1. Ignoring everything but the protein chains, give the 1.4 Å probe accessible area of A:Tyr369 in square angstrom, nearest 10.
2. Under 9 Å from the Cβ of B:Phe194, count the other residues' Cβ atoms, weight Lys and Arg +1, Asp and Glu -1, and hand me the total.
3. Estimate the FRET efficiency between B:Asn47 and A:Ala113 by the formula 1/(1 + (r/R0)^6), using the beta-carbon distance for r and 25 Å for R0, to the nearest 0.05.
4. Which entries of B:Lys74/B:Lys204; B:Lys347/B:Lys396; B:Lys74/B:Lys371; A:Lys85/A:Lys327 show an alpha-carbon separation above 26 angstrom in the structure shown?
5. With charges set only on the Cβ (+1 for Lys and Arg, -1 for Asp and Glu), what does the dipole of segment A:119-176 come to about its Cα centre, in debye to the nearest 20?
6. Of the options A:Gly262, A:Val229, A:Phe206, report the single residue whose Cα projects farthest towards the positive end of the charge dipole of segment A:159-295 (beta-carbon charges: Lys, Arg +1; Asp, Glu -1).
7. May I ask you to list the residues of segment B:122-136 whose amide nitrogen lies under 15 Å from a point 7 Å from Cα along the Cα→beta-carbon direction of B:Gln333?
8. I'd like the interface area for chains B and A: accessible area of each alone minus the complex, both sides summed, 1.4 Å probe, protein heavy atoms only. What is it in Å² to the nearest 100?
Amino acid sequence: MDIAKLTIEGIRAGLKAKQFTAREVCEAALGFAGAENPKTNAYLLLSAERARAAADAVDAKLARGEDAGALAGVPVAVKDVIVTKGVRTTCGSRMLENFVPPYDATAVQRLEAAGGVIIGKANCDEFAMGSSNENSAYGPVRNPVDLERVPGGSSGGSAAVVAQGTAVVSLGSDTGGSIRQPASFCGVVGVTPTYGRVSRYGLVAFASSLDHIGPFGRNVKDAATLLEVIAGRDEMDATSAFAPVPRYGEAMTGDVRGMKIGLPKEYFAGLASETGDLIMRGVEALKKLGCEVREVSLPATEWAISCYYIICTAEASSNLARYDGVKYTMRSADAKTLADMYRNTRGDGFGAECKRRIMLGTYVLSHGYYDAYYLKAQRVRSLISQDFQKAFGEVDALITPVSPFPAFKLGEKLDDPLAMYLSDIYTITGDLAGIPCMSVPCGATAAGLPVGMQILTNHFQEGPMFRLAEAFERAGGVAGA
Amino acid sequence: MSSTELMVPAEVFATYEPVIGLEVHVQLGTNTKIYCGCPTGFGAPPNTNVCPVCLGMPGALPVLNRSVVEYAVKAGLALNCTVRNESIFARKNYFYPDLPKGYQISQYDRPVAEHGFIDIFVNETHKRIGVTRAHLEDDAGKSIHDGYRDSDLYTYVDLNRTGTPLIEIVSEPDIRNSDEAYAYLTELKQLMQFIGVSECDMEKGQLRCDANVSVRKRGAEKFGTKAEVKNVNSFRFVKLALDYEIQRQIALIESGGKVVQETRLYSPDTGETYSMRSKEAAHDYRYFPEPDLLPLRISDKWLGEIRSTMPELPPAKRARFVEQYGIREYDAQVLTLTREMSEYFEKAAEVSGDARTAANWVMGDLAGALKAEGKEITESPVTAEKLGELVALIKKGEISGKLAKEIFPKMWSTGDGAAAIMDREGLRQISDTSALDAIVDEVLAKNPAQVEQYKGGKTTVIGFLVGQVMKASRGQANPQMVNELLKKKLD
């Protein structure tokens, strides 16, 4: 068993053939994670006890001849913004350094019910705010492909553990690109499903109308399988969708002949770079598979960044109000008054990026500014959605880059928040529209840095998205061009 | 300034017009909280009726309770509001230790109900007070500042109440004096109790009132600057607080000062209001639509279903009582004070066949007995049926009103019906002619002088003779029959 290369299918086959037990897979993953983690800092903690119990439960089921679930024995990492009962959940923040949740997120419950084995909690930018994983209070994550570089963010740890092989699949969260961008930087598959497809119950909120839980995998099928397990209506999340969850495996036929692909011109303008070249080679490969490619236009794109940073900061300023020193958070010791307790606790507990966003969000919601900022941003958001609806009237899927550039060096953009914000340019529109989108590996630069191709489809069209991604992967990615 | 001395002369006072709007929070009496399944009971040990949702745990999400919506719709209908087909929840952001999320999930520009009214009756005048809106929100917890050993060092937080459903009912600035405010609150409370959405027990915080007050010169169109008097915990104090605040503002303006927009609190001890925070320090609640909840959609069908469960409300009931039972408007008001009392009266009236007498009994002997023992009408040992039977006996002439008054306390203490008590105590009227014959003969024999007077033309003496018969029968003789028998024998 090569733990770093195992797939969900490989584990299922191995367990069936009694090549190994779930407990053995679990121990191998824990051991490998323990050994590798110092290089990347991708795990904040390993949940060995819980993992072993889950693995043993799978083995016991198998011994009784029962179905142990779609994820039986599969080592999974969970981003640390997703709560795990009895397992410390910090959100990458000093504020929650001692927070042990009393309940499990719905996605966590579901993946464990399907036999998944949670190996540990993955590092991330503080409260999922960041594009490089350098905003974690517990140190940055390093990209396993190149340890001098960032893994992307905010789900940097979740991408890194899958790339590194210390987990087979992982859960991340995406608000403006936090799954797809790290997937792209680390050379793995990352999926942001339709808004409402996966329950947000237990996902610590950053920007509620934009937050998604989604899977990472080393291949499309693994990511799709994890999504299928966690997706579906949840009574604990009023915004979760009633739409039935299809069997995504059935969609992945490898046959994409006649599929209509749109290239939004606004996403390719001025993209004269290695990244642009790789994406265009990927598009060539799709043409070879029989896809029809045409140019489309998403004219509202130019306002997307401003719109996104108004909505997400506004919601964040409210969502992060609960960290006040009264309850489960840290509490500043030297406060003499209530106001001091709030000020000192929040001053000490939050990092710079959180504070920046809380202040921006508080400002845009303030009396007299609401109409000019928040309300206008919501109108732009509608325009962005309308653009996509118009495009999906013509094509089945859109192809774009995930990021304008591959993984950058640690510290490179840390002092320039605006440059960091602009790196989200291609990913935030999908979140604003609530449509499914994903990053699938699309070759590497001359320096060996992975580049991801983004596929976007209409609401609840994860099936066609996976079919396209898997066909591309099956044909060898850019090598198929 | 003390609240007892008149701060401005009456003739100056009369040149001003107070403008008052009330904001009333009513706790809805659902079994579970508004956004989670925790029970809403009062008095549980601290922090026991809680879960990740109402504790505002990271990652927890609200889910709207269906019966809360139904209660709110009922309240909206009772307030003559338009119930919106679509209403929106909004976050109201502020920091407070007993507000675990750092925001309330309230409603802002699209509340569940709006554009209603409450009719009040003050000083023999009917007046309509507009209801701007009624919106849903979650209650906060409680900060406990004393009662613990180290309360001098710490404030404790109890989150049991967090997430209890509230509707906030906002009136138009139509109220012009404290009597109208008192009548509005009384009527509002009665409506909420009638439709069963809240017990409105102010001691348990189930009804809370804030008042916006300003004054302007009579005839002026523009409102004056208002002050908000918050958290006054009884209707009487609301009245006193308003009286004080109106005087204060007029006195301030008269002395060349200006009313500042601020939040004030009322002190029952001094009878005065005092400043809590000025507008500069006022909250900016940064309302925005709650992204965790979908818009609340109430279909016409659902609205119709809820409407069909609405009971007859006090204003309609009062009108019907006057019309149907021929009772006075004042009596109708008293009999519709609570739903239970109105139901009791109607049952008693039906059984008795004499609604006006039944009304007198409910408001008289029954109300007196209830008050004496501090009982609710639902706890009355004398049921509506039994009171109705008692009244029916009077109506049929089987007992005198006087005897009924003797029987009633026995019914009260035993819970038995009038008939059973009369049988047991031998209180049945003697309507048997042969039995009465003997008594009448005896009385006539004993009082020859009076018999002579009668025969001599002084027929009024018959009253004395009837009395003697009644006395001899220990009050049980049917007085009408006695009268007839006496006349027959004497004439």
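1. Rounded to the nearest 10, that gives 90 Å².
2. Counting the neighbours of B:Phe194, the net charge comes to +1.
3. Rounded to the nearest 0.05, the efficiency is 0.25.
4. Check vs 26 Å cut-off fails for B:Lys74/B:Lys371.
5. Using Cβ point charges on Lys, Arg, Asp and Glu, segment A:119-176 gives about 160 debye.
6. A:Gly262
7. Output list for this probe position: B:122-128.
8. Heavy-atom accessible area buried at this interface is about 2700 Å².
The values are calculated or read from the model by the stated rules, or taken from the named source; none is laboratory data. None of the values given here were measured: they were computed from a predicted structure. Methodologically, a virtual Cβ is constructed for each residue, glycine included, from the backbone with ideal geometry; neighbour enumeration extends over all protein chains shown. The accessibility values were calculated without ligands, DNA or RNA, using every heavy atom of the protein model including side chains. Shrake-Rupley method; radii C 1.70, N 1.55, O 1.52, S 1.80 Å.
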